[in-house]
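The values are calculated or read from the model by the stated rules, or taken from the named source; none is laboratory data. Everything numeric here is computed off the predicted structure, so don't read it as measured data. Here Cβ is always computed from backbone atoms with ideal geometry, including for glycine, and neighbour counts include all displayed protein chains.
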Amino acid sequence: MFPGKISARGSCTVAVARSRLIFHPEAAREVEEARDWYRERSLSAEEGFLADLNHAVEQVTAAPLRWPRFKANTRRYVFRRYPYSLIYRIYGETLVRVLAVAHDSRRSTYWLSRAKDH
């Protein structure tokens, strides 16, 4: 796990003071794939995607119960500018696990098997 924000040169796990947030390995892979796709288009597109992702992480770790319930006992945060959603599950009072960083045009249930992992 890595502390702080996700940057164009960094990695993709975050520890935040209020809640601890971890990425399922497949969700981390989705971040890297999206990042690569945007980087191929432009550095500013990549940085914009990562800024939106960081905003999502900050919002979810600050108040994980704020975002609406979704499928399989998860919650969903919809990105502000990019066509992605952060699908996550809350464990106890301080752990948030991101199950998917899902592109909104993909089949909405492709990540459900990850919800069965834990």
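Please work out if residue 96 is assigned to a strand (DSSP E or B) and under 11 Å from the mean Cα position of the chain (by Cα). Quick ask: steps written out before the conclusion?
On the way: assigned to a strand (DSSP E or B): yes; under 11 Å from the mean Cα position of the chain (by Cα): yes.
Considered against the rule, which asks whether it is assigned to a strand (DSSP E or B) and under 11 Å from the mean Cα position of the chain (by Cα), residue 96 comes out as yes.
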Query - Close pairs from the stretch 26-43: first within 16 Å of residue 110 (Cβ to Cβ) and free of Cβ contacts under 8 Å to residues at least 24 places away in the same chain, partner of a type in the set (Lys, Arg) and not in a helix (DSSP H, G or I), Cβ under 9 Å, at least 6 apart - result: none
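With the structure loaded, tell me whether residue 105 is touching a residue at least 12 places away in the same chain (Cβ under 8 Å) and exposed (fewer than 15 other Cβ atoms within 10 Å of the Cβ) or whether it fails that test. Talk me through it step by step, then tell me what you get.
Values: touching a residue at least 12 places away in the same chain (Cβ under 8 Å): yes; exposed (fewer than 15 other Cβ atoms within 10 Å of the Cβ): yes.
Judged against the criteria, residue 105 is a match.
So which residues in the stretch 31-59 are touching a helix residue (DSSP H, G or I) at 6+ places or on another chain (Cβ under 8 Å), of a type outside the set (Lys, Arg) and either under 26 Å from residue 95 (Cα atoms) or not in a helix (DSSP H, G or I) (or both)? Write out each step before concluding.
Going residue by residue through the stretch 31-59, those that are touching a helix residue (DSSP H, G or I) at 6+ places or on another chain (Cβ under 8 Å) are 31, 34-35, 38-39, 45-46, 48-50, 53, 59.
Those left that are additionally of a type outside the set (Lys, Arg): 31, 34, 38, 45-46, 48-50, 53, 59.
Those that are touching a helix residue (DSSP H, G or I) at 6+ places or on another chain (Cβ under 8 Å), of a type outside the set (Lys, Arg) and either under 26 Å from residue 95 (Cα atoms) or not in a helix (DSSP H, G or I) (or both): 31, 34, 49, 50, 53, 59.
Here is a check on your reading of the model: is residue 82 more than 13 Å from the chain's Cα centre (by Cα) and part of a loop (DSSP other than H, G, I, E, B)?
Working: more than 13 Å from the chain's Cα centre (by Cα): no; part of a loop (DSSP other than H, G, I, E, B): yes.
Against the criterion (more than 13 Å from the chain's Cα centre (by Cα) and part of a loop (DSSP other than H, G, I, E, B)), residue 82 does not qualify.
Quick grid of which residues meet (1) within 13 Å of residue 23 (Cβ to Cβ); (2) modelled with pLDDT of 95 or more:
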{"residue": "39", "(1), (2)": "no, yes"}
{"residue": "44", "(1), (2)": "no, yes"}
{"residue": "63", "(1), (2)": "no, no"}
{"residue": "78", "(1), (2)": "no, yes"}
{"residue": "102", "(1), (2)": "yes, no"}
{"residue": "113", "(1), (2)": "no, no"}
{"residue": "116", "(1), (2)": "no, no"}
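Test residue 83 against the criterion of being in contact with an Asp or Glu (Cβ under 9 Å, 6 or more places away or on another chain), without any contact (Cβ under 8 Å) to a residue 40 or more places away in the chain and not charged (D, E, K, R), and give yes or no. If you could, list the steps in order and put the result at the bottom.
Values: in contact with an Asp or Glu (Cβ under 9 Å, 6 or more places away or on another chain): yes; without any contact (Cβ under 8 Å) to a residue 40 or more places away in the chain: yes; not charged (D, E, K, R): yes.
Yes.
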